[in-house]
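The values are calculated or read from the model by the stated rules, or taken from the named source; none is laboratory data. Here the structure is a predicted model, which means the values were calculated and not measured. Note: ideal-geometry Cβ built from the backbone for every residue, glycine included; neighbour counts use all protein chains shown. Calculation scope for accessible area: heavy atoms of the full protein, side chains included, ligands and nucleic acids excluded. Shrake-Rupley method; radii C 1.70, N 1.55, O 1.52, S 1.80 Å.
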Amino acid sequence: ALPVIEAAARTEGLTLDTERLPYSADHYLRTGETLPDEAFEHLRDDVDGILLGALGDPRVPGNEHARDILLGLRFRLDLYINFRPTRLFHPKLSPLRADRRADGGSTAIDFVIFRENTEGQYLGKGRSESIGTPDEVHVSEEVNTRKGVARIIEAAFAWAAAHGKTRVTMSDKSNAIQFQRIWGRLFQEIGDRYPDIQREHRYVDALALELVREPERFQVIVTTNLYGDILSDLGAGLIGGLGIAASANLHPGRPGLFEPVHGSAPPLVGKGVANPMATVLTGALMLEQLGCAAGAMKLERAVERVVASGPLTPDLGGQGSTAEVARALLDALD
């Protein structure tokens, strides 16, 4: 994917000075090192963006390597916005019935999810008791602070206003989990400052249903760390799968961490059939943050063209290889 991203940047006069860091699962297994402090400080202080490859390796069953790098960077860099666009590039990619996917070739599914990225249950707070006994108990604590909830909701409304969106949907499960009521209270409070944007609330189970039944009505969704993780995968399923799902971890004014939604897919290793489109689209998010919005649009248009004409990797119903799709994306850049 990287040559495609670099080529799109060059068309707009931007040269990416890239460096590759060695902290793979191989490195971890050889050295026991995940992300050393000096590498973290370098990423914090010296770079303009971080493009992250897929993490996860069956040789590390406890997932320590992936957790320390990915969650560690999110938390330590305070990248509180997990931004996940969900756009259907071609009706043929969606499992929904044809008359609900698009009208006359237009893209009907086009929404973004603002997932809170530094709180919730992903902090790892909780306890385990009496392990291995009949009284075994595990408690996972969910953390919602006023600061954390307010700033992700503010980010969703600000993005909607800047991009001409007219509706923001907040999702929680406050009817069953009373400690999530802070989301509704702050959603109303912050939404009052955006009178031109309609605001609506959906319980997360109802929203999952509606995203399948009527995805085209949604524009901007803001939700918790856990629910955003789940709903964005549902969204990916609506548009063709994880092979075409991009994401960005952001804190306005700071360098971002850009990662495709998909994992490392160990069964595909060495076969040359992994889909590069999610990483290319993630690169588009990176170029946009680097001030190269035109290059980002070129990457999106290239994906749209290749999706329409092929070649496609097997996850999208084709027989193309990773290299063939990457070459087609390069050729489709205008």
### Query
How large is the dipole of the chain about the Cα centre if only Lys and Arg carry +1 and Asp and Glu carry -1, each at its Cβ, rounded to the nearest 20 debye?
840
### Query
How would you classify region 1-136 from its alpha-carbon gyration tensor, with a ≥ b ≥ c the square roots of the eigenvalues: rounded for a/c under 1.5, else prolate if a/b is greater than b/c, otherwise oblate?
oblate
### Task
Let me have the relative contact order for region 156-275, percent, based on Cα pairs under 8 Å that are six or more residues apart.
24
### Around PRO267: net Lys/Arg minus Asp/Glu count, Cβ-Cβ under 13 Å
-1
### Message
With a 1.4 Å probe and all protein chains left in place, how much of the accessible area of region 249-334 comes from carbon and sulfur atoms, in whole percent?
### Response
57
### Query
Which shape class applies to region 228-334: rounded if a/c is under 1.5, otherwise prolate when a/b exceeds b/c and oblate if not, where a ≥ b ≥ c are the square roots of the Cα gyration tensor eigenvalues?
oblate
### Summary
Of 190-202, 232-244, ordering from highest average Cβ density within 10 Å down gives 232-244, 190-202
### Task
State which entries of LYS92/LYS271; LYS92/LYS165; LYS147/LYS173; LYS147/LYS298 exceed 29 angstrom in Cα-Cα distance in the structure shown.
LYS147/LYS298
### Query
Which value results for Rg/Rh of region 136-290 when Rg is the Cα radius of gyration and Rh the Kirkwood radius based on the inverse mean 1/r?
0.99
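Out of all DSSP beta bridges with both ends in the chain, state the antiparallel percent to the nearest 5.
50
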### Message
I'd like to compare 165-177, 8-20: which one has the highest average count of other Cβ atoms within 10 Å, and what's the full order after that?
### Response
165-177, 8-20
### From the coordinates shown, Cα extents along the principal axes in Å corresponds to which of (1) 51, 47, 45; (2) 56, 53, 41; (3) 60, 49, 41
(2)
### Task
Roll a 1.4 Å probe over the protein heavy atoms and report the accessible area of GLU6 in Å², nearest 10.
40
#### Entry: Size of electric dipole in region 123-193: Cβ of Lys, Arg +1 and of Asp, Glu -1, about Cα centre, debye, nearest 20
480
### Task
Please report, in debye to the nearest 20, how large the charge dipole of region 287-334 is about its Cα centre when each Lys and Arg carries +1 at its beta carbon and each Asp and Glu carries -1 there.
80
### Query
In the neighborhood of VAL168, defined by Cβ-to-Cβ distances under 10 Å, what is the net charge if each Lys or Arg adds +1 and each Asp or Glu adds -1?
+2
### Query
To the nearest 10 Å², what's VAL269's accessible area with a 1.4 Å probe?
110
## Note on the structure
Per residue, accessible area of the chain with a 1.4 Å probe, heavy atoms of protein chains only, in Å², comes to 47
### Task
Please work out whether region 150-217 counts as rounded, prolate or oblate from its C-alpha gyration tensor, where a ≥ b ≥ c are the square roots of the eigenvalues and a/c under 1.5 means rounded, while otherwise a/b larger than b/c means prolate and anything else oblate?
oblate
## Note on the structure
Low-density loop trypsin sites (Lys or Arg not before Pro), region 265-306, at most 11 other Cβ within 10 Å, DSSP non-H/G/I/E/B, are LYS271
### Query
Over the chain, what is the relative contact order in whole percent, taking alpha-carbon pairs under 8 Å and six or more residues apart?
22
### Query
From the phi of every residue in region 208-222, what ³J(HN,Hα) in whole Hz does the Karplus formula 6.51 cos²θ - 1.76 cosθ + 1.60 yield, where θ is phi - 60° and glycine or proline is x?
4, 5, 5, 5, 7, 6, 8, x, 5, 7, 8, 10, 9, 10, 10
### Task
Report, in deg cm²/dmol and to the nearest 500, the calculated mean residue ellipticity at 222 nm for the chain, where each DSSP H run with n ≥ 4 adds -39500 (n - 2.57) and the sum is divided by the residue count.
-11500 deg cm²/dmol
### Task
Please name whichever of GLY240, LEU96, VAL222 sits farthest to the positive end of the charge dipole of the chain, dipole taken about the Cα centre and charges placed at Cβ: Lys and Arg +1, Asp and Glu -1.
LEU96
